[in-house]
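This report refers to the structure that appears directly beneath it.
The values are calculated or read from the model by the stated rules, or taken from the named source; none is laboratory data. Just so it is clear, the model here is predicted, and its values are computed rather than measured. Positions of Cβ are generated from backbone atoms using ideal geometry, with glycine treated the same way; all protein chains shown enter the neighbour counts.
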Amino acid sequence: MLKTSVRHRLEEREETLSPYAARSRRSQGRVVPEEPSPLRTEFQRDRDRIIHSKAFRRLKHKTQVFIAPMGDHYVTRLTHTLEVSQIARTIARALDLNEDLTEAIALGHDLGHTPFGHVGEDELNKLYPEGFRHAEQSLRVVDVVEKDGSGLNLTWEVRQGIVSHSKPRGDFLDRTMTEGLSLEGQVVRVSDAVAYLNHDLADAFRAGVLRESGLPPEVVEVLGRRHAQRIDTMVTDIVHHSWATSGLDGPPPPGGPVITMGTAVRSAVNVLRDFMFANVYIPEDKGEQGVAARNILRLLYRRYCANPDEIPQEYRLAHGTGQRAVADWVSGMTDRYAIRVAEELKSGIAVSLHKGVS
């Protein structure tokens, strides 16, 4: 009785969610069919597989924005992922969406990020002939790279959310950008922005790159002066203006329910995002540490292209020996590992990184 009753009870509980929420029993399934778990829904299984993956563990030593910081309180790719998960779960729970699916997507969305954050991603995109985008690499990690080439065999819904989370410059909430994406995937997509804008801003204050007095007036007036206040304003606004997705107020709006923000908050978020690109992200890229990070990525990429036998054997067996394997191997490195290997190849190449930010 126990072997089936627990999962069935959880699946029945999902039937009380919004009519627009995803249901695990209606999942489009996995590439390789598997026997269901007696204790967990399909989306819960995916969440657990992601948490226990090697790629997830490595996130703790990957840059978010500030490369090789000396302080203990700067955001890493792992703490970013946890903040995205927390924000996304809050929104999904408030809107009666599938919290397990939301959590799985959130925990897996950045598994394919390179060392040195977006600086590393941009450099690898230039080096790898087919181009490199971390959202696509995150999907590749769960599909191919993990478990020595066999992947995690996740459900279609989690995979779709992972590969669709990236956002272009400008107003990323245009509904044409989320066509076909589940509401849970949309929740993670917007939660990613809520998380990084706020914690990157806090890190910029901590590093002395920005002063609170220098924020655009619209950001302060609409979103608030304090870190917690800004997050609360954004999350509350998302829930309020996405309420139709809960299915509690009658038929959906024209075009169907969507995760969105109100005009005022949406405008302030876009102003903040442009401000962060102009004053934090781009300067960090072009600064001394950004240049050093790019040099390290180039050195490693060219080294392994010329000497593919130096890529670990189990990795070569799973991913081949061409540039695809090199991109997989280098992108999976943590900052500290990339720095250590680069220093062994060329002493002094990482000296600028060791200065860090206090």
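Tell me the residue from ARG294, ARG211 that is buried (at least 19 other Cβ atoms within 10 Å of the Cβ), out of contact with any strand residue (DSSP E or B) (no Cβ under 9 Å at 6 or more places or on another chain) and charged (D, E, K, R), please.
ARG294
Could you grab me the full set of residues in region 67-84 that are in contact (Cβ under 8 Å) with a residue 24 or more places away in the chain and hydroxyl-bearing (Ser, Thr, Tyr)?
Result: TYR74, THR79, THR81.
LEU300 is checked against (1) surrounded by 14 or more Cβ atoms within 10 Å (Cβ to Cβ); (2) closer than 30 Å to VAL351 by Cα; (3) modelled with pLDDT under 95 and fails just one. What number does that condition carry?
(3)
Looking at region 197-248, which of its residues are touching a Phe, Trp or Tyr at 6+ places or on another chain (Cβ under 7 Å) and closer than 14 Å to ALA94 by Cα?
Passing the criteria: THR245, GLY247.
Of all residues in region 97-132, how many are touching a residue at least 24 places away in the same chain (Cβ under 8 Å), more than 22 Å from ILE50 (Cα to Cα) and over 17 Å from the mean Cα position of the chain (by Cα)?
Residues meeting the conditions: 6.
Hey, could you check region 1-44 for residues that are in a helix (DSSP H, G or I) and without any contact (Cβ under 8 Å) to a residue 12 or more places away in the chain and say which is nearest to GLY185 (Cα to Cα)? Walk me through how you get there before you give the answer.
The initial filter retains those residues of region 1-44 that are in a helix (DSSP H, G or I), namely 2-14, 24-26, 42-44.
Okay, now just the ones that are also without any contact (Cβ under 8 Å) to a residue 12 or more places away in the chain, so 5, 8-9, 12-13, 26.
Details: SER5: 28, HIS8: 24, ARG9: 24, GLU12: 22, ARG13: 20, ARG26: 16 Å.
Among those residues, the one meeting the criterion is ARG26.
Considering only residues that are touching a residue at least 24 places away in the same chain (Cβ under 8 Å), closer than 20 Å to GLY287 by Cα and not in a helix (DSSP H, G or I), which ones fall in region 300-355?
Hits for region 300-355 are ILE349, ALA350, VAL351, SER352.
When both residues are 6+ apart or on different chains and their Cβ atoms are under 8 Å apart, which pairs have a first residue that lies in region 220-236 and is within 15 Å of SER267 (Cα to Cα), and a second that is among the hydroxyl-bearing types (Ser, Thr, Tyr) and modelled with pLDDT of 95 or more?
Note: pairs meeting the criteria are VAL222/THR233; VAL222/SER267; LEU223/THR233; GLY224/THR233; VAL235/THR90.
Being of a type in the set (Lys, Arg), under 27 Å from HIS240 (Cα atoms) and assigned to a helix (DSSP H, G or I), is that true of even one residue in region 105-128?
Keep residues of region 105-128 that are of a type in the set (Lys, Arg), which gives 126.
Remaining after also requiring under 27 Å from HIS240 (Cα atoms): none.
The answer is no; no qualifying residue exists.
Considering only residues that are buried (at least 19 other Cβ atoms within 10 Å of the Cβ) and either assigned to a loop (DSSP other than H, G, I, E, B) or touching a Cys at 6+ places or on another chain (Cβ under 6 Å) (or both), which ones fall in region 230-257?
SER242, PRO257
Would you check which residues across region 171-229 are among the aromatic types (Phe, Trp, Tyr) and not in a helix (DSSP H, G or I) and list them? Break it down stepwise before answering.
Going residue by residue through region 171-229, those that are among the aromatic types (Phe, Trp, Tyr) are 172, 196, 205.
Listed by number, the list holds a single entry, PHE172.
Checking ALA88 against (1) touching a helix residue (DSSP H, G or I) at 6+ places or on another chain (Cβ under 6 Å); (2) part of a loop (DSSP other than H, G, I, E, B), only one condition comes out false. Which one?
All conditions are met except number (2).
Please tell me if HIS199 is on the phi < 0 side of the Ramachandran plot, touching a residue at least 60 places away in the same chain (Cβ under 8 Å) and surrounded by fewer than 22 Cβ atoms within 10 Å (Cβ to Cβ). Spell out the reasoning first.
Values: on the phi < 0 side of the Ramachandran plot: yes; touching a residue at least 60 places away in the same chain (Cβ under 8 Å): yes; surrounded by fewer than 22 Cβ atoms within 10 Å (Cβ to Cβ): yes.
For HIS199, the condition - on the phi < 0 side of the Ramachandran plot, touching a residue at least 60 places away in the same chain (Cβ under 8 Å) and surrounded by fewer than 22 Cβ atoms within 10 Å (Cβ to Cβ) - is met.
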